[in-house]
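The values are calculated or read from the model by the stated rules, or taken from the named source; none is laboratory data. These figures come from a predicted structure and were not determined experimentally. Note that each Cβ is placed from the backbone with ideal geometry, even for glycine, and that neighbours are counted across all protein chains shown.
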């Protein structure tokens, strides 16, 4: 079995890494961040009611508000677990432009990303984060006790990830946020829309597919799956059922599938059977809703998709073409022109957006993209880009800005956008569409959260959405005078646009997301669409029509209908909150006490808080080496430290270790220390001999990782330099010529990487280039002369079909002295099992890989198989060195599959490779197996 070094790590580290991903807010699905802010951030701290709030100075007002909010709402969020107090640090992050929030252990903390997205719930963003994340805090407190440091945290964290499915953690939190506020995702039809669509279309999902997702189908995800299951649990067994489940797991932790067994104890059903029962129950409710809702069918203007494909924000360019932003399981996001016959023409790809967004007027196209800081990834920007369809010229209009949802005036000369500064101050700004300069800033004295503005036909009015804790409002701004047309509703109002003398927008008045309009004078609201599953993103079309997104089984499609007003209709939304939860529901934010005085705020000095010990964890290097390590990670992700001891069972000796990494500076500084036993076997006159010694080993490493993106092109550069010192002592039975010191060998490396954005089905980027240079030498040690230079190159190209990949890799190395037999470059497959005929100096590797099936097979609780991929390879070695070798050294086939094992969240890649070896080596075919995992 061919295992990489990473594959040999301790099982608990697999579980720990896995659980890093299970409590991030669904607005931005990522594992929690270990990135840094620039050193220039001025941090402060407030300690109140068990919370230690750490925040940049610009967020003083928001930090004070959270200081009064968090201790007040925690007893409500934790009441279902019979808890009243907690102790946890809360880090407010304001340098980024991507919305997120999470709770973690190792170290125990929560992070709130304070810049809100342009589409979220109808309440204050930080309140939204607080009510959700504090439920996760309560979950951890229930399992570990509400200690400030539930030592060892990483062991707890690893166990939670192995014992309790992510859907439970997130579903419980969404039920909580919906029950304790007047908003919450449980009240949003579009949030549950993919699940509802699948069920009503007769495409019921297996438990594993709903939980883990699919490479071909639209699936709801574990947030939505968990919400429905926990809501059903609460309805049948009361709001304390979650407490009972966690308490039983805590009492009886060492079981196979502990959550499923505990669930069966209380409900009579394991997780799969309870999911199926929940799905059948909600099907009845949704069928009844569908029967009571007046809906219309809309023909699709895009070609029929056979797998998950979205055509976002359609706008008619002319009578024969529609512009849209397309994304699918097979293709990363790009602009596309769709002709009347449904044929398509790809324009160009774009970079990451938090939500799909663009505006098109007068042949000008503008959109926003996220740009990350080259080094400090906690800092990001939202920039505005433009493209002229007539001249075919691309332009990035702004740099290092925090501008969102840009919309063009009809003449294409002005842009209106939302601006958010580092203190969370929101404004509408007008920009010049040619050079991106700010022309005007509109005041927002109440500092409402602002969303999705747009101009009217003449460019003298702006419609936009404002959000506060009271709800969402639809506003019209004219000559700096604001008129509120819809005030503080719990509707998912979004993307208002002017159509003639009315304003059209999204909402869910009839319990399904549809398009409505409002008469500016009478304020009468009418329906413009009656979609069965959801209609979004309206745009005025030609000849009295509107173009919009109509949601169907495979995603957002393009539809068009006459501009005709209809009755709004009765609200038939299915609310899955149980009667038990409803009875206990309150809006916790209505009665938060208003502060009389400011809370005490102090500077938070990074250098005084470098160490934060949180865990002792077991460490296993291999079958002979194991031990314990004490770990420290500070709260701002700038300092990692670990120290420990490992026992070498083959040597019967102990190794002592210490590792430190400091990441607050532009270069990352790492220091490693080992006091370790060593053994040597050598030949002597009286036969084979064994010698032992100990050595002190110290290594210093300096690295500079830099990365950036331009549209869908991603670049990264890494520079690395390292040196070390080794001192050997306590010699036992060793030859006299053993070198006792290794003095400061120098290692250098440089890596350049360029790639294009990838889709779910891609086995590799369509185009990518990786260049790597390594050079090691020993200029300060006369006893160990030698050097090695390694050059590696990898070039990826599209294959003959979509999502196929061809890799060509040429690699060269030259070693002398003590390094003449070292390996610094990629080798042919099977290299370690083939007797070499000469030193390796170069390799030429050709690999062709392709996906060929997406079965979504659920094999009981054993595995959920997502896809199968095949590959062919042909590898050469020492070309031009041995002229007799004109055939590949190795060639063969491989097959791989991505799956979830034992219903755990990490995606595991299993593979088998059959390697045929050039006949001159007299080597039988080699069978290798591979194992890897990702999130």
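List, please: which pairs have Cβ atoms under 6 Å, are six or more places apart or on different chains, and start with a residue in segment 400-411 that is not assigned by TED's automatic domain parsing to the domain that holds residue 438 and end with one that is crowded, with 20+ Cβ neighbours inside 10 Å and not in a loop (DSSP other than H, G, I, E, B)?
Within 6 Å, no pair qualifies.
Quick one: residue 546 ticks every box in (1) part of a loop (DSSP other than H, G, I, E, B); (2) touching a strand residue (DSSP E or B) at 6+ places or on another chain (Cβ under 7 Å) except a single one, so which number is it?
(1)
Could you tell me how many of the residues in segment 468-483 are touching a residue at least 60 places away in the same chain (Cβ under 8 Å), on the phi < 0 side of the Ramachandran plot and assigned to a strand (DSSP E or B)?
Number satisfying all stated conditions: 2.
Give segment 119-160 a look and list any residue that's assigned to a loop (DSSP other than H, G, I, E, B) and surrounded by fewer than 24 Cβ atoms within 10 Å (Cβ to Cβ), or say none.
Those that are assigned to a loop (DSSP other than H, G, I, E, B) and surrounded by fewer than 24 Cβ atoms within 10 Å (Cβ to Cβ): 119, 120, 124, 145, 146, 147, 148, 149, 150, 151, 152.
What's the total number of residues in segment 817-850 that are modelled with pLDDT of 95 or more and closer than 23 Å to residue 742 by Cβ?
Residues meeting the conditions: 0.
Please go through segment 663-674 and give me each residue that is part of a strand (DSSP E or B) and crowded, with 16+ Cβ neighbours inside 10 Å, ordered by number.
668, 670, 672, 674
Looking at (1) closer than 30 Å to residue 55 by Cβ; (2) crowded, with 20+ Cβ neighbours inside 10 Å, which is the one condition that is false for residue 387?
(1)
Residues to consider are 144, 197, 178; find the one that is touching a helix residue (DSSP H, G or I) at 6+ places or on another chain (Cβ under 6 Å) and over 25 Å from residue 906 (Cβ atoms).
178
Within segment 48-78, work out how many residues are free of Cβ contacts under 8 Å to residues at least 40 places away in the same chain, assigned to a helix (DSSP H, G or I) and out of contact with any strand residue (DSSP E or B) (no Cβ under 8 Å at 6 or more places or on another chain).
Adding up the residues that qualify gives 1.
For segment 80-104, give me each residue that is farther than 23 Å from residue 35 by Cα and touching a residue at least 12 places away in the same chain (Cβ under 8 Å). Spell out the reasoning first.
Within segment 80-104, the subset farther than 23 Å from residue 35 by Cα is 80-87.
The answer is 80, 81, 82, 83, 85, 86, 87.
Testing residue 738 on (1) outside any strand (DSSP E or B); (2) surrounded by 17 or more Cβ atoms within 10 Å (Cβ to Cβ), one condition comes back false. Which one is that?
Going through (1) outside any strand (DSSP E or B); (2) surrounded by 17 or more Cβ atoms within 10 Å (Cβ to Cβ) one by one, residue 738 breaks only (2).
Pairs please, first residue from segment 907-935 and more than 18 Å from residue 848 (Cβ to Cβ), second anywhere and exposed (fewer than 13 other Cβ atoms within 10 Å of the Cβ), Cβ atoms under 6 Å, 6+ apart in sequence or on different chains.
907/934; 918/887; 929/1
In this structure, does residue 851 turn out to be surrounded by fewer than 17 Cβ atoms within 10 Å (Cβ to Cβ) and either within 35 Å of the chain's Cα centre (by Cα) or outside any loop (DSSP other than H, G, I, E, B) (or both)?
no
Filter segment 797-821 down to the residues that are buried (at least 18 other Cβ atoms within 10 Å of the Cβ) and part of a loop (DSSP other than H, G, I, E, B) and list them by number.
Of everything in segment 797-821, those that are buried (at least 18 other Cβ atoms within 10 Å of the Cβ) and part of a loop (DSSP other than H, G, I, E, B) turn out to be 803, 804, 818, 819.
I need the full set of residues from segment 739-760 which are more than 30 Å from residue 349 (Cβ to Cβ) and touching a strand residue (DSSP E or B) at 6+ places or on another chain (Cβ under 7 Å), in order please.
The answer is 740, 741, 742, 743, 744, 745, 746, 747, 748, 749.
Only one of (1) surrounded by fewer than 17 Cβ atoms within 10 Å (Cβ to Cβ); (2) modelled with pLDDT of 95 or more is not met by residue 590, so which one is it?
Only one criterion is unmet by residue 590, namely (2).
If you go through segment 443-460 one residue at a time, do you hit one that is part of a strand (DSSP E or B) and more than 35 Å from the chain's Cα centre (by Cα)?
Looking for residues that are part of a strand (DSSP E or B) and more than 35 Å from the chain's Cα centre (by Cα), one finds none in segment 443-460, hence no.
Kindly list the number of the only condition in (1) buried (at least 22 other Cβ atoms within 10 Å of the Cβ); (2) in a loop (DSSP other than H, G, I, E, B) that fails for residue 532.
All conditions are met except number (1).
Out of 225, 278, 309, 219, which single residue is under 30 Å from residue 150 (Cα atoms) and under 30 Å from the mean Cα position of the chain (by Cα)?
Sole residue among the options that is under 30 Å from residue 150 (Cα atoms) and under 30 Å from the mean Cα position of the chain (by Cα): 225.
Anything in segment 484-528 that is part of a strand (DSSP E or B), touching a residue at least 24 places away in the same chain (Cβ under 8 Å), over 17 Å from residue 189 (Cα atoms) and over 32 Å from the mean Cα position of the chain (by Cα)? List them, or say none. Before the answer, list the steps.
To start, the set of residues in segment 484-528 that are part of a strand (DSSP E or B) comprises 484-489, 494-499, 502-507, 514-519, 525-527.
Imposing the further condition that a residue be touching a residue at least 24 places away in the same chain (Cβ under 8 Å) reduces the set to 485-486, 489, 494-499, 503-506, 515-518, 525-527.
Then drop every residue that is not over 17 Å from residue 189 (Cα atoms), which leaves 485-486, 496-499, 503-504, 517-518, 525-526.
Within segment 484-528, 485, 486, 498, 499, 503, 504, 517, 518, 525, 526 qualify.
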